[in-house]
Amino acid sequence: MEYITFALAKGRLAYHVLELLEKTGITCEEMKDKKTRKLIFVNEELKLKFFLSKAADVPTYVELGAADIGVVGKDTILEEGRKIYEVLDLDVGKCRMCVAGPKSAADKLKDGSLIRVASKYPHIATNYFYNKKHQTATIIKLNGSVELAPIVGLSDVIVDIVETGTTLKENGLEVLEEICPLSARVVVNEVSMKMEHDRITKIIHDLKGVL
Ligand code: PRP
């Protein structure tokens with residue numbers, strides 16, 4: 001029997017997924033040790049492998065077949081635009097992708113004029129402004145603390161994840177438009193879905209059962 005390999009986005013989400021998998025009878029004791037620096041874990045009995053990677057790399061591992069199954073946020077799936085099957089919404093890590101900024105920027109979103117948009121998600125931002133709103137935008141890629149951009153005058157608005165809204169509120173910003181809801185999703189390699197159909201669909205079915 002071949003191994004089925006899982007790519008999990010490092011961090012809180014990975015531990016949550018391990019708990020869900022455990023409820024379906026899939027365990028990986030070694031991986032639960034939060035102090036370990038190991039990157040790959042094997043369950044010999046069930047012929048499963050698990051590895052942790054940066055969230056943004058999960059769709060790459062899955063599309064290219066280095067992992068058969070991945071668990072990652074919808075934000076990353078949209079941003080990376082990889083050819084993978086999205087098969088299950090785990091309904092955790094729920095938040096929203098939004099356009100946010102100072103209240104005064106609301107007019108700029110309505111009058112269709114050139115707007116400067118800062119984001120960690122340049123593809124999502126480009127797609128939203130060009131294909132959905134049909135508004136010309138200068139997209140500025142940042143790597144974090146994106147809320148700073150409109151405060152210091154780098155951009156008019158941001159496209160970013162809003163979970164509780166606290167970061168926006170504490171920085172005098174607000175949600176101006178909602179782009180889409182987000183949550184953690186299970187994704188599958190297209191070839192693996194055919195070659196290991198029975199084992200993969202059983203895993204997905206069992207996960208659905210414990211949600
Ligand atoms: C995310 C996101 C917002 C914040 C939203 O940032 O980019 O900044 O969380 O959460 P809230 O609505 O509950 O305040 P993250 O913590 O990942 O850090 P980063 O901005 O440095 O990427």
* Quick check: anything in segment 130-151 acidic (Asp, Glu) and at pLDDT 95 or above? -> yes
* Asked: Which condition does Arg116 not pass, out of (1) under 28 Å from Gly11 (Cα atoms); (2) assigned to a strand (DSSP E or B); (3) not aliphatic (A, V, I, L, M), if it passes all the others?
  -> (1)
* To do: Give, as residue ranges, the helices (runs of 4 or more DSSP H) completely inside segment 147-208 that count at least 1 residues that are away from the ligand (no atom under 16 Å from the Cβ).
  => 190-195
* **Hits in segment 75-89 (condition: surrounded by 21 or more Cβ atoms within 10 Å (Cβ to Cβ) and either within 22 Å of Leu176 (Cα to Cα) or at pLDDT below 95 (or both))** => Asp75, Thr76, Glu79
* Structure fact -> Restricting attention to segment 97-126, the residues that are surrounded by fewer than 17 Cβ atoms within 10 Å (Cβ to Cβ) and within 19 Å of the chain's Cα centre (by Cα) number exactly 3
* Could you list, in sequence order, the residues of segment 119-143 that are among the polar types (S, T, N, Q) and part of a loop (DSSP other than H, G, I, E, B)? -> Gln135, Thr136, Asn143
* **Condition met for Asp91 (of a type in the set (D, E, K, R) and out of contact with any Ser or Thr (no Cβ under 8 Å at 6 or more places or on another chain))** => no
* Asked: Are there any pairs, at least 6 apart or on different chains, whose C-beta atoms fall under 8 Å, with the first in segment 8-37 and in contact (Cβ under 8 Å) with a residue 24 or more places away in the chain and the second polar (S, T, N, Q), and if so, which?
  -> Leu8/Ser53; Ala9/Ser53; Ala9/Thr76; Lys10/Ser53; Leu21/Thr27; Ile26/Asn43
* Going by the conditions given, is Val71 within 14 Å of the ligand (Cβ to nearest atom) and closer than 29 Å to Leu20 by Cα? -> no
* Structure fact -> Selection from segment 101-146 of residues more than 15 Å from the ligand (Cβ to nearest atom) and either in contact with a Ser or Thr (Cβ under 7 Å, 6 or more places away or on another chain) or among the hydrophobic types (A, V, I, L, M, F, W, C) (or both) yields Ala105, Ala106, Leu109, Leu114, Ile115, Arg116, Phe129, Ala137, Ile139
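The values are calculated or read from the model by the stated rules, or taken from the named source; none is laboratory data. It should be emphasised that the depicted structure is a prediction, and the values quoted were computed from it without experimental measurement. Neighbour counts run over all protein chains shown; Cβ positions are idealised from the backbone, glycine included.
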